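Here, each number is a calculation from the coordinates, and none is a lab measurement. In this text the structure is predicted, and so the values were computed from the model without any measurement. All Cβ positions, even for glycine, are placed from backbone atoms using ideal geometry, and neighbour counts span all protein chains on display.
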Amino acid sequence: MAVTFPGETDEYREARDRLLTEEVELRRHMERVAEARRALPPGGPVPEDYVFTGAFVGEDPAEVRFSDLFGSDVASVAVYSWMFPRHHGDDRPVPPTGPMAELPFDETPCPSCTSFLDQLDGVARHARHQMGVVVESTVPIERMLAIAEDRGWRDWHLVSSAGTGYRRDYHGESEDGSPIPILNVFHRDADGTIRHSWASELMFAPTDPGQDPRHTGTLDALWNLFDLTADGRPTDWNEQVFYG
């Protein structure tokens, strides 16, 4: 099927058709990567049944063991380590009112992580019928819930891992205790064994000039949307938790 749009030139159409060939190959490559991800050998067993405190927005916090994140009918769980508190030196502003404004600045959440979770809360609403979708942080669960409610989140399962070794074990923090944003996926085998399945290890891989790690890049709607424009990704801007 030949596609054209009003007013386009032959030069545009020729270039667009060449680009379409590249887009088809990108689609094929993404599927090859997904197939390779699914074909990974079993990962390592989770070393302990971590004891978290968790809740959805509107619920009372309660003890949640790691094994509880699976419920009775899902085999996979994705856990995003929210940089809350933010990384030292991140000076992006917080809203002038609301729960973030009530915290010491260094104890507020990372704007980029928060933007990412803003985008995926709607996805979580659908995904949780097939898999667990969890946001983990080391701050008290009450603090997580206050920020989540302020952001309008409804479908993230929030857990505080304070007092556990989860973050250290699954690379959610550096050796000096600084937070690292990472997405980990776990799978429960038929015999009940819970194993690590995949992580966004691009966070730790070398980057090409002008690129950030893009470790969750295929999930990030905002930056992928910018990629569709003639201007591309802005180079002097990044996500904020507040746009004054």
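Rounded to whole numbers, the Karplus 3J(HN,Hα) couplings from phi for region 182-188 are 8, 10, 10, 10, 10, 10, 9 Hz, using 6.51 cos²θ - 1.76 cosθ + 1.60 with θ = phi - 60°, and x at Gly and Pro.
Size descriptor for the chain, Kirkwood hydrodynamic radius: 20.0 Å (Cα pairs only, one decimal). Region 144-182 and region 189-225 have their alpha-carbon centroids 16 Å apart.
Full extension of the chain segment joining M203 with D227 gains 6.6 nm, where the gain is 0.36 nm per residue of separation less the Cα-Cα distance.
Per-residue Karplus couplings for region 32-42, computed as 6.51 cos²θ - 1.76 cosθ + 1.60 with θ equal to phi - 60°, are listed in order as 4, 5, 4, 5, 5, 5, 5, 8, 4, x, x Hz, Gly and Pro entered as x. Summing +1 for each Lys or Arg and -1 for each Asp or Glu, what net charge is found among the other residues whose Cβ lies under 13 Å from the Cβ of A62? Around A62, the surrounding residues sum to -4. Sorted ascending by nearby beta carbons within 10 Å, beginning with the fewest, Y50, Y243, Y12 become Y243, Y12, Y50. The GNM of the chain, with springs linking C-alpha atoms under 10 angstrom apart, assigns the highest mean-square fluctuation among L225, L20, L40 to L20.
Connecting C-alpha atoms closer than 10 Å in a GNM of the chain, tell me which of R28, R168, R151 has the biggest fluctuation. It is R28.
Neighbour counting of Cβ atoms within 10 Å sorts the residues F186, F226, fewest neighbours leading, into F226, F186. A straight chain from H87 to A15 at 0.36 nm per residue would run longer than the Cα-Cα distance by 21.7 nm. Between E107 and Q130, the contour length at 0.36 nm per residue exceeds the alpha carbon distance by 4.9 nm. Just to verify a number: FRET efficiency for T97 and S76, C-beta to C-beta distance, R0 = 41 Å, to 0.05? It comes out at approximately 0.60.
Mean separation of Cα pairs under 8 Å and 6 or more residues apart, divided by the residue count, gives the chain a relative contact order of 24 percent.
Taking the beta-carbon count within 10 Å as an exposure proxy, list W153, W223 from fewest neighbours to most.
W223, W153
With the chain treated as a Gaussian network of Cα nodes joined by springs under 10 Å, which of P234, P99, P47 yields the largest mean-square fluctuation? Its mean-square fluctuation being the largest, the pick is P234.
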